[in-house]
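Following: one structure in structure tokens, then a few remarks.
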Amino acid sequence: MAANGVRCGLDCVHCFGMAAVASWFEWLVSGAKYCTVYVISWWRESPSRGYCPDGSGRVVPIVSGSNSRPLAIDLAAELGWQHIPLESRRFPDLEGYVRIPSEHIEAVRSRSEPVVLVSTTYPDNGIIETLLLLEAISDVREGKTDSLKGGGPEGLLPVGPGVILAVPYFGYSRQDKRFQAGEVVSAKAIGKLLAGRCDGIVFLDIHSRSALEELGVPVVFTSCMPEIAHYLQQIVKPDFILSPDKGAIERASQVAEAIGCRFSYLEKTRIDAHTIVHKAKDLDVDGAIVTIVDDMIATGGTICRASEALISQGAVEVHAACAHGLFTGGAISRLDEFVNGVHAANSLQNPRAVISGGPALARGVLSLLEDLS
Ligand code: R5P
């Protein structure tokens with residue numbers, strides 16, 4: 001028999017010898033393959049490396065300053081990656097201070113993996129914190145130690161690019177156009193500042209993509225609407241989802257579709273920051289449990305006015321859900337008068353943050369890593 005299983009026409013002793021050697025060789029190769037697979041899976045799942053449920057076998061350092069730590073921890077847990085807390089505090093005069101603690105410098109200087117910084121740009125000091133953290137990470141990765149007064153590592157070699165920024169809530173996203181002559185497109189201005197200091201950005205439930213599509217680095221937009229839909233289905237069990245304006249139609253209809261319930265939207269005119277007017281519309285909500293889904297809630301005015309319209313048309317319960325709970329100037333107590341419940345994702349820390357943005361950020365980060373590879 002020949003080594004490949006085809007019968008040899010000669011049937012000679014020489015052929016049997018060859019067959020024995022070949023099958024011994026096959027056994028050796030399959031044994032080596034088995035051992036390699038075993039060693040790789042042991043290494044990937046070893047507790048010291050962290051379990052890697054993203055399936056890539058990668059362990060990417062996820063770092064955070066002070067403004068997004070719970071979400072950074074959620075993201076790390078979601079992917080089985082390592083969360084590294086960075087130092088971020090304020091001087092007495094309120095200027096910001098950031099530092100990569102000495103014990104984490106080597107992790108941030110990973111050669112094989114980029115670093116993911118989770119940081120919001122809200123309120124304004126979030127912009128400063130994010131920019132300073134990006135700069136600190138780049139400096140450490142470049143091995144910059146010039147003007148170092150205290151002791152510390154010196155003569156570090158650059159480890160190459162690889163800083164990804166994941167922004168749970170992007171402040172200034174609503175100034176995505178020049179609404180009047182002489183205005184600045186603030187979203188683009190801030191976006192460019194960030195893009196100049198990193199290799200890619202993930203935005204969670206951005207208000208409008210238009211100003212952020214050409215920042216010069218790869219950008220991924222991700223959304224926690226699937227998690228909001230899942231939460232609502234479990235806790236609120238709505239019959240009807242309402243978008244409070246045309247801008248939220250895509251988001252809210254996605255939630256309605258995931259839940260499998262009815263959907264409609266209102267047309268909104270904003271007179272000023274505190275005054276909202278909705279165009280009258282017949283909504284088929286008599287006896288219904290309704291959830292108003294928006295990207296963000298700030299003063300709460302949009303939700304309160306939409307809730308009035310729903311209640312006047314017979315809704316028995318009205319809830320509000322959003323990705324970003326800014327809840328400015330007493331918004332929560334105002335909302336409590338108009339809705340039965342407020343449910344927010346944890347892109348910002350607030351008393352109504354009950355839905356994790358971690359899975360959505362994880363999808364965004366994995367997608368960006370794929371784009372960058
Ligand atoms: C605007 O179009 C946004 O999607 C929100 O509807 C708005 O920012 C909510 O603001 P407020 O809670 O102050 O009405």
If the limit is 32 Å between Cα atoms, which of Lys177/Lys237; Lys192/Lys281; Lys144/Lys177; Lys188/Lys246 go over it? Lys177/Lys237; Lys192/Lys281; Lys144/Lys177
Have a look at the DSSP beta bridges in the chain and tell me what percent are antiparallel, nearest 5. 15 percent
Computed, not fitted: 222 nm per-residue ellipticity of the chain from DSSP H runs ≥ 4 (each -39500 (n - 2.57)), nearest 500, equal to -11500 deg cm²/dmol
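Using a 1.4 Å probe on the protein chains only, how many percent of the accessible area of the chain belongs to carbon and sulfur?
So the carbon and sulfur contribution to the accessible surface is 56 percent.
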Ratio of the Cα radius of gyration of the stretch 125-208 to 2.2 N^0.38 Å, where N counts its residues: 1.37
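Could you provide, to the nearest whole Å², the per residue accessible area of the stretch 61-206 with probe 1.4 Å?
I get 46 Å² per residue for this part.
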Three-way shape call for the stretch 111-153 based on the alpha-carbon gyration tensor, with the a/c threshold at 1.5: oblate
Based on DSSP, what percent of beta bridges with both residues in the stretch 259-373 are antiparallel, to the nearest 5? 20 percent
For the stretch 261-361, alpha-carbon Rg and Dmax in angstrom: 13.4, 38
Based on the alpha-carbon gyration tensor of the stretch 47-150 and its eigenvalue square roots a ≥ b ≥ c, which shape applies: rounded if a/c is under 1.5, prolate if not and a/b is larger than b/c, or oblate? oblate
Using only the Cα atoms of the stretch 97-236, what do you get for the radius of gyration and for Dmax, in Å? 17.7, 58
Can you tell me what share of the DSSP beta bridges in the stretch 172-326 is antiparallel? A percent to the nearest 5 is fine. 15 percent
Working with all protein chains in place, sort Ser112, Ser223, Ser56, Ser307 by solvent-accessible area computed with a 1.4 Å probe, largest first. Ser112, Ser56, Ser223, Ser307
So, in nm, how far is label Lys237 from label Arg178 when the simple model puts each one 7 Å beyond its Cα toward the Cβ? 5.4 nm
Quick one: P(r) of the chain from all Cα-Cα pairs, 20 Å bins, percents rounded to integers, in order of increasing distance. 25, 45, 20, 9, 2
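The values are calculated or read from the model by the stated rules, or taken from the named source; none is laboratory data. None of these values were measured; they are calculated from a predicted model. Cβ sites come from the backbone with ideal geometry, for glycine too, and all protein chains shown count toward neighbours. Surface accessibility is based on the protein's heavy atoms, side chains included, excluding ligands, DNA and RNA. Shrake-Rupley method; radii C 1.70, N 1.55, O 1.52, S 1.80 Å.
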